[in-house]
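What follows is a set of notes on a single structure, which appears directly below.
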Amino acid sequence: MRDGQADLIRLADYQAPVFHVPRTSLDVALYDDYSRVTTTLELERRADADPAADYVFDGVELALCRLEVDGQPWPKAQYDYDGERLVIRGLPERCTLLTEVTIKPHLNTALEGLYMSRGMFCTQCEAEGFRRITFYPDRPDVLSRFVTTIRADKARFPLLLSNGNPVARGEEADGRHWVTWEDPHPKPSYLFALVAGDLACLEDQYQTGSGRTVSLQIYAEPRDLDKLDHAMRSLKAAMAWDERVYGLEYDLDIYMIVAVSHFNMGAMENKGLNIFNTACVLAHPATTTDAGFQRVESVVGHEYFHNWSGNRVTCRDWFQLSLKEGLTVFRDQCFSADMNSAAVKRVEDVDVLRAVQFPEDQGPMAHPVRPAAYQKIDNFYTVTIYEKGAELVRMQHELLGAERFRAGTDLYFRRFDGQAVTTDDFLDCMAEASGLDLQQFRRWYDQAGTPHLAVQGHIEQGDYVLTFRQWTPPTPGQPDKQPLMMPVRLALFGADGQRLPLPDGSTETVLVLTQEEQSFRFPLHGQKEAPVPSLLRGFSAPVELDYAFTTEQLHFLLAHDDDGYSRWDAAQRLYHAAVTRLLSVPGEAVRAAAEDEAAALAPALRQVLARADDDAAAAALLLTLPSEQALADRLPELDVDGVHRAREALRAAIGEQLSSLWWQAEQNNTLAGPYRPVAADIGRRSLRHCALAYLAAAGDARLAGHLTVLFQQADNMTDQLGALRLLVHYGLPGADEALDAFARQWHDEALVMDQWFTVQATVPGETTLSRVQALLAHEGFDWRVPNRVRAVLGALANANPTAFHAASGEGYRLYADALGRLDAVNPQVAARMANACARLPRLPEGRRALLGGALRGLLKVPRSANLTEVLERILA
Ligand code: 0A1
Ligand code: ZN
């Protein structure tokens, strides 16, 4: 390994571990400026292991103080430690290894391993953080029973938590105390957790289906105790849902969640002791938006569902990451769908997939759901592993049907309980339980890239014939692709807006494609006109559908299709087409052309608004234009300025032409009574804010005053922030005062202040770059807090194309500088944020050179292996 670059790790090189660790005892003594970790491991050489193989332990930057085997010091000549790996030679087949190390949690800003967050100790061990705590075979296929003793000052750290159940506690000299925890379930090291702090707790109970009582405990700083009810409700709902839908019960007496302010990701499913980013667990109407409430519900569900899909059955190696993540995302998506509106949830998930995962799959970071090689596994916690992985599970659900899918998961959890397995094992269960041949389906796991599905329909001898042709463009390292097995859910609509009967007697069917090209015939029973096909209903496969819909057909589907996704997709296609046409109109004529486009769209939009009472959330989704980024992603080259101009012109024209309807929607969806984070109300608020946004785009003279009142009188963050955002983004009178008032009101609420930073970092246009510089210098900005860094820099790069891609290259320089600075503090987060530069190959030449130059400059000085891997792939 050379500086800043890690060795390539390959799936093909996988080898089973040399030894088992039946028992792991940890003794962690926490002090102000160091911690002492004494670890006792029972080791057993595996029967099938090479008898000559050395025992190798991972351990990063550990200060080794003691190494004993079976109670005796082990000779120095018999081991080597290079700062990353400890190799011990000549160990007996069975023995007890004791190591004692010291580590420095108070200096740990990478937030991997044991670290401090606002005065409390906490851990993050997935994927390879445990090796920063002690020497260990830090790989997911080594499962061990853990006993953990934590020692700390009692006054400052009255609460000492780890996995499992507390089994003993006691006092020591100097005001210190200790607690011992025992986890009865064997687990890999990545699921280990420890917390020490002075926290408040919301407690409740849950009765499992089999009648056991589980104590539920959610911990946070005392000031946040009033923000835990929603997480608790969500947790109980998730526990009941998993029993009902998958027949899976919780398996310990205690389930704990701890909220921490410093966290690299959303949350972590440590056995019995989840650790959550505050952003994914705290929720209160005054401080949390509707989206925030929904995020809490889904992340609480996600981590809970991992207890089976991840913890009881875990991954053999990190190439199998999607085994637990894809399945668990699919499960949390279905949970949220059941708790809210299934159609709306599906559209939201598809939107993320298409807006974030498709570009990843089409760019330099493209990788299969089961990658074949990686340098730093932390860089592979991607939308491909998570969201595309979930789509692969969803397709299996589609192919098998709910009942056989459930038989498959039953078999999977029964057969592999307590084991570390592979995505192939999962697929085998699905095939075995259903009798389906899923051999070809496996390609989805190994083949990167977004498949294209071109469809053509014509009438032939009284039948409607649909021809499907699939292909997947090349991705880095994978020039040749093979056809995939994919379910295409379909209905055909007659001119009367009704679904036509299909050969199998139904009016909706799932075609299973397996070949490069395939045709299907549908008798029309004497009808002369071709039907309108509703293809890929529910987004039944994660592909790019190429069908030459006419504008009339899209309007027809928007009006008549009963599939929520399909209607939304029709609307998106109409918007894309309109914006694309506007792009070729010269600057001064854009406004007039936008008027025409809006006029053509208006009847459909009026109809959506007229029906909005049925499902306001769905209406808001139908009425919202694709983001600038999503629009630009579909062009041959990223034209951020053109897209901004065209999209804003279209929004302004739609805003004006439907002005009275927007005001009406604003009035109709103004809710009386206390805030409730329930689907119906959330939908109405989103429609209301959609209406306000159109009025802002139209430059409606009454709006600034209206927004200021809304901002001042709002009793919930959705309304307050929605008003603030429009005031600031459109530079309306009162914007600066509102920003100041917001900061005064919320200066002490970190998650709310994150929003304050984001609102400012996402004002369109190059001038925002100096504002971003000021935000980075603001006293509230802290490079050590990932949420704050994401609130400014993540928002700039991912949600403000006209500033980030400013023609001067200033956005790129600012961002590259920031990545360099961040890398020194937190390599994982720096590398994740560098992904925002992966659109480089699609930039126009001038900008490509500017961004490339900025990134290459970054590589000239030593960088973390995390950031180096991402930059090198982007620049390759
Ligand atoms: N397994 C967690 C996500 C997670 C992954 C890595 C982390 O640190 C590098 C932290 C959390 C989940 O899926 O929720
Ligand atoms: Zn997960």
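Tabulated results
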read-out: Top-ranked residue in the stretch 51-101 [being polar (S, T, N, Q) and surrounded by 15 or more Cβ atoms within 10 Å (Cβ to Cβ); ranked as farthest from THR38 (Cα to Cα)]; value: THR96
read-out: Filter result (within 29 Å of ASP480 (Cβ to Cβ) and charged (D, E, K, R)) within the stretch 409-455; value: ASP424, ASP425, ASP428, ASP437, ARG442, ARG443, ASP446
read-out: Qualifying residue in the stretch 435-447 (condition: assigned to a loop (DSSP other than H, G, I, E, B), out of contact with any Ser or Thr (no Cβ under 7 Å at 6 or more places or on another chain) and crowded, with 16+ Cβ neighbours inside 10 Å); value: yes
read-out: Filtered residue count, the stretch 388-406, keeping only those that are farther than 17 Å from LEU536 by Cα, of a type in the set (Gly, Ala, Ser) and either crowded, with 17+ Cβ neighbours inside 10 Å or in contact with a Ser or Thr (Cβ under 6 Å, 6 or more places away or on another chain) (or both); value: 1
read-out: Index of the failed condition, VAL352 passing every other in (1) of a type in the set (Val, Ile, Thr); (2) more than 12 Å from ligand 1 (Cβ to nearest atom); (3) touching a Pro at 6+ places or on another chain (Cβ under 6 Å); value: (3)
read-out: Residue count for the stretch 55-87, restricted to those that are under 33 Å from the mean Cα position of the chain (by Cα) and of a type outside the set (D, E, K, R); value: 5
read-out: Selected residue (criterion: surrounded by the most Cβ atoms within 10 Å (Cβ to Cβ)) from residues of the stretch 351-387 that are within 30 Å of ARG244 (Cβ to Cβ) and of a type in the set (Asp, Glu); value: GLU387
read-out: Tabulated pairs, the stretch 457-470, first more than 16 Å from VAL532 (Cα to Cα), second surrounded by fewer than 20 Cβ atoms within 10 Å (Cβ to Cβ), C-beta under 7 angstrom, 6+ apart or interchain; value: ARG469/ALA454; ARG469/GLU516; ARG469/GLU517; GLN470/HIS452; GLN470/PRO483; GLN470/GLU516
read-out: Qualifying residue in the stretch 247-258 (condition: buried (at least 24 other Cβ atoms within 10 Å of the Cβ) and touching a residue at least 60 places away in the same chain (Cβ under 8 Å)); value: yes
read-out: Pairs, first modelled with pLDDT of 95 or more and more than 10 Å from ligand 1 (Cβ to nearest atom) in the stretch 301-319, second of a type in the set (A, V, I, L, M, F, W, C) and not in a helix (DSSP H, G or I), C-beta under 7 Å, six or more apart; value: TRP308/LEU248; VAL313/VAL421; THR314/ALA420; CYS315/ALA420; ARG316/ALA420; ARG316/VAL421; TRP318/ALA127
read-out: Tabulated pairs, the stretch 98-116, first small (Gly, Ala, Ser), second away from ligand 2 (no atom under 16 Å from the Cβ), C-beta under 7 angstrom, 6+ apart or interchain; value: ALA110/ASN826; ALA110/PRO827; GLY113/THR123; GLY113/ARG132; GLY113/ILE133
read-out: Residues located in the stretch 842-862, provided they are modelled with pLDDT of 95 or more and assigned to a loop (DSSP other than H, G, I, E, B); value: LEU843, PRO844, LYS860
read-out: Qualifying positions in the stretch 169-186 - surrounded by fewer than 17 Cβ atoms within 10 Å (Cβ to Cβ), touching a residue at least 24 places away in the same chain (Cβ under 8 Å) and either within 29 Å of the chain's Cα centre (by Cα) or not in a strand (DSSP E or B) (or both); value: none
read-out: Enumeration of residues in the stretch 254-275 that are more than 16 Å from VAL329 (Cα to Cα), hydrophobic (A, V, I, L, M, F, W, C) and near ligand 1 (Cβ under 9 Å from one of its atoms); value: PHE263, ILE275
read-out: Some residue of the stretch 282-292 being surrounded by fewer than 22 Cβ atoms within 10 Å (Cβ to Cβ) and within 13 Å of ligand 1 (Cβ to nearest atom); value: no
read-out: The listed residue being more than 11 Å from LEU202 (Cβ to Cβ), hydrophobic (A, V, I, L, M, F, W, C) and modelled with pLDDT of 95 or more, out of LEU248, LEU225, LEU235; value: LEU248
read-out: Criterion (within 16 Å of ligand 2 (Cβ to nearest atom), at pLDDT 95 or above and surrounded by 13 or more Cβ atoms within 10 Å (Cβ to Cβ)) met by exactly one of PRO166, PRO105, PRO140, PRO158; value: PRO140
read-out: Where GLU588 falls short, out of the listed (1) touching a Cys at 6+ places or on another chain (Cβ under 9 Å); (2) surrounded by fewer than 19 Cβ atoms within 10 Å (Cβ to Cβ); value: (1)
read-out: Condition broken by VAL763, with the remaining ones in (1) over 27 Å from ALA807 (Cβ atoms); (2) among the β-branched types (Val, Ile, Thr); (3) outside any helix (DSSP H, G or I) satisfied; value: (1)
read-out: One residue from GLU126, GLU112 being more than 22 Å from GLU68 (Cβ to Cβ), more than 16 Å from ligand 2 (Cβ to nearest atom) and charged (D, E, K, R); value: GLU112
read-out: GLN362, sole failed condition from (1) in contact (Cβ under 8 Å) with a residue 24 or more places away in the chain; (2) within 16 Å of ligand 1 (Cβ to nearest atom); value: (2)
read-out: Residue within the stretch 460-481 that is among the aliphatic types (A, V, I, L, M) and either within 19 Å of PRO542 (Cα to Cα) or outside any strand (DSSP E or B) (or both) present; value: no
read-out: Subset of the stretch 370-403 (residues that are outside any helix (DSSP H, G or I) and within 14 Å of ligand 2 (Cβ to nearest atom)); value: TYR381, THR382
read-out: Among (1) surrounded by fewer than 23 Cβ atoms within 10 Å (Cβ to Cβ); (2) more than 11 Å from ligand 2 (Cβ to nearest atom); (3) of a type outside the set (Phe, Trp, Tyr), the one test that GLY266 misses; value: (2)
read-out: Test result for GLU360, closer than 27 Å to ASN826 by Cβ and within 16 Å of ligand 2 (Cβ to nearest atom); value: no
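The values are calculated or read from the model by the stated rules, or taken from the named source; none is laboratory data. Source: prediction; values computed, not measured. When we count neighbours, we look across all protein chains shown, and the Cβ atoms used for this are built from the backbone with ideal geometry, even at glycine.
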